[in-house]
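Encoded as structure tokens, the structure appears first; notes follow it.
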Amino acid sequence: MRIISSLCIAFSTYSKIPMPNVEWNDENKAYSLCFFPLIGLVVGVLLGGWLWLCDFFAFGMLLRGVIGTAIPLLVTGGIHMDGFMDTCDAIASWQTKERRLEILKDPHTGAFAVINCCLYLLVMSAVLSEVAFDAWTSIGMCFAVSRALSALTLTHWRKAKDTGMLAGFARSAAQKSVTISSGVFVLAAVIVWIIQLGFRGLFPLLAAGLCILFYRNKAYKYFGGVTGDLAGWFTQITELACIAAIMLGGKL
């Protein structure tokens with residue numbers, strides 16, 4: 001029952017998919033981060049279905065890219081994009097760590113958040129307009145990997161503060177289980193990438209690795225650790241980087 005409750009909490013928190021109501025206590029949240037990557041798989045399957053429809057009906061590249069970009073946002077309700085935008089504002093402020101953390105929680109949206117969001121959506125649309133349907137499995141795994149790595153870092157990296165949703169999930173998390181489940185998802189993605197893409201399957205793996213290094217540097221240098229908003233920022237950039245790596249690899 002605790003496993004089912006953790007699954008429901010994960011999907012209720014990080015997606016708009018309807019779930020049964022369960023009690024939000026530490027026991028029920030213990031394994032919620034283990035199921036975080038499953039939401040990415042749901043996004044991947046839906047995106048794969050959309051790419052198939054685009055090929056079947058010969059839809060244009062613009063429609064292919066725009067709707068493809070909207071699918072993850074519709075599934076997640078934009079929770080990760082919200083963190084992405086807040087983080088872009090905080091980084092661009094060039095303020096102290098304390099002030100940056102305050103900006104993350106500021107309900108107002110700054111110019112840099114809007115600019116970076118628009119750029120992100122344009123680039124993702126362009127990338128998805130270029131990907132082939134036969135690579136949809138590899139592309140779908142990018143959404144699982146971004147969340148698996150996010151869960152792993154949320155559990156093990158230093159927290160910027162001891163309060164907030166992230167801190168609550170981290171305290172409740174069964175760290176060993178999160179580590180194992182995240183590792184399984186990443187390993188499964190690598191296997192899929194290698195089988196489907198050959199040596200080009202190393203490209204998204206390299207992209208994910210570079211995103212982790214970039215994430216750690218920004219989180220520790222500018223914020224003193226990770227937060228929920230930073231995790232959303234990392235999830236978004238990792239998805240884009242991995243999908244772009246697959247797209248570019250397919251052009252070689």
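FYI, it's all coordinate maths here, none of it is from the lab. These numbers were taken from a predicted model, which means no experiment stands behind them. Cβ: placed from backbone, ideal geometry, glycine included. Neighbour counts: every protein chain shown.
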Take the Cβ-Cβ distance between Leu122 and Val184 as r, set R0 to 30 Å, and report the resulting FRET efficiency rounded to the nearest 0.05.
0.30
Can you work out ³J(HN,Hα) from phi for every residue in the stretch 128-138, in order, using Karplus 6.51 cos²θ - 1.76 cosθ + 1.60 and θ = phi - 60°, giving whole Hz and x for Gly and Pro?
5, 5, 9, 7, 8, 4, 5, 9, 5, 5, 5
Linear extension gain, Ala58 paired with Ala111, 0.36 nm per residue minus alpha-carbon span:
15.4 nm
Whole-Hz Karplus couplings 3J(HN,Hα) for the stretch 92-98, θ = phi - 60° and coefficients 6.51, -1.76, 1.60, Gly and Pro as x, run 6, 6, 6, 9, 5, 4, 5
In order over the stretch 147-155: 3J(HN,Hα) from phi, Karplus 6.51/-1.76/1.60, θ = phi - 60°, whole Hz, x for each Gly or Pro, gives 7, 5, 5, 5, 4, 5, 6, 4, 7
Give me the extension gain from Glu23 to Asp134: residue separation times 0.36 nm, minus the current Cα-Cα distance, reported in nm with one decimal.
35.8 nm
Taking the chain as the reference, fit the longest principal axis to its C-alpha atoms, fit the long axis of helix 2-14 to the helix C-alpha atoms, and give the angle between the two in degrees, 0 to 90, nearest 10.
70
Using a Förster distance of 51 angstrom, determine the FRET efficiency expected from the C-beta separation of Leu73 and Lys176, and round it to 0.05.
0.95
Given Cα pairs under 8 Å that are at least 6 residues apart, what percent is the relative contact order of the chain?
26
Distance from the stretch 17-92 to the stretch 101-131 (C-alpha centre basis), Å:
15
Run the numbers on the stretch 45-113 and let me know its relative contact order in percent, using alpha-carbon pairs under 8 Å that are six or more apart.
25
To the nearest 10 degrees, how steep is helix 175-197 against the longest Cα principal axis of the chain, on a 0 to 90 scale?
10
How large is the dipole of the chain about the Cα centre if only Lys and Arg carry +1 and Asp and Glu carry -1, each at its Cβ, rounded to the nearest 20 debye?
580
Amide proton proximity set for Lys159, modelled H, under 5 Å, gap of 5+
Val226
With respect to the cross-link table entries Lys176/Lys218; Lys16/Lys176; Lys105/Lys218; Lys218/Lys251; Lys29/Lys221, which display a Cα-Cα separation exceeding 21 Å?
Lys176/Lys218; Lys16/Lys176; Lys218/Lys251; Lys29/Lys221
